[in-house]
1. From the list T99, T93, T118, T111, exactly one residue is among the polar types (S, T, N, Q) and in contact with a Ser or Thr (Cβ under 8 Å, 6 or more places away or on another chain). Which is it?
2. For E89, work out the one condition from (1) among the acidic types (D, E); (2) surrounded by fewer than 13 Cβ atoms within 10 Å (Cβ to Cβ); (3) modelled with pLDDT under 75; (4) assigned to a helix (DSSP H, G or I) it doesn't fulfil.
3. When the residues of region 93-133 are narrowed to those that are of a type in the set (S, T, N, Q) and surrounded by fewer than 15 Cβ atoms within 10 Å (Cβ to Cβ), which ends up farthest from S83 (Cα to Cα)?
4. With the structure loaded, tell me whether T118 is in a helix (DSSP H, G or I) and at pLDDT below 75 or whether it fails that test.
Amino acid sequence: MPPHQIAPYYQPAYPAPRPPQARTDGRQASLLTASIGLILDLTAVLLGATGYLLLVDSLLIGLLLAFPAMVLGAVGYFLARSSKGRIAESGGTIGGLGTATTGLVLGIAATALGAVITLFAVVIYLLAAFGQPPV
């Protein structure tokens, strides 16, 4: 067959689009859980700072907000780790890796900040209740 009778083959200019990811992992609630924990932590910091500036005893309110935030942050962290594992095992059929990573980071931040606020509040409370420790 002569070359002028063969139909030319044209390659597409762009690769074919990837099919949309059908679903995301169901444990994306970890982001919401960790976010609520972080919001509680920041509220505890603001209440503690305001109470310190205004000489109002809001230490107990800060402690009551920081401890649940520490627990919610840990829950968000473990849900996000589980979600990232499921996404990795799915081989690309489950999406939401960015959301799971955000939940992981917020969970770590909420847990750390809640632990620091809780420790600070307990130490201040013990110093206020029992006075300075003997030297």
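1. On the way: T93 fails: in contact with a Ser or Thr (Cβ under 8 Å, 6 or more places away or on another chain); T118 fails: in contact with a Ser or Thr (Cβ under 8 Å, 6 or more places away or on another chain); T111 fails: in contact with a Ser or Thr (Cβ under 8 Å, 6 or more places away or on another chain).
After applying the criteria, what remains is T99.
2. Among (1) among the acidic types (D, E); (2) surrounded by fewer than 13 Cβ atoms within 10 Å (Cβ to Cβ); (3) modelled with pLDDT under 75; (4) assigned to a helix (DSSP H, G or I), the lone unmet condition for E89 is (3).
3. The first filter runs over region 93-133 and keeps only residues of a type in the set (S, T, N, Q), leaving 93, 99, 101-102, 111, 118, 132.
With the extra rule that they be surrounded by fewer than 15 Cβ atoms within 10 Å (Cβ to Cβ), the set shrinks to 93, 132.
Values: T93: 13, Q132: 47 Å.
Applying the filter and picking the extreme gives Q132.
4. no
The values are calculated or read from the model by the stated rules, or taken from the named source; none is laboratory data. For clarity, every value in this text was computed on a predicted model and none was experimentally measured. A quick note on method: Cβ atoms are made from the backbone with ideal geometry, for glycine too, and the neighbour counts reach across all protein chains shown.
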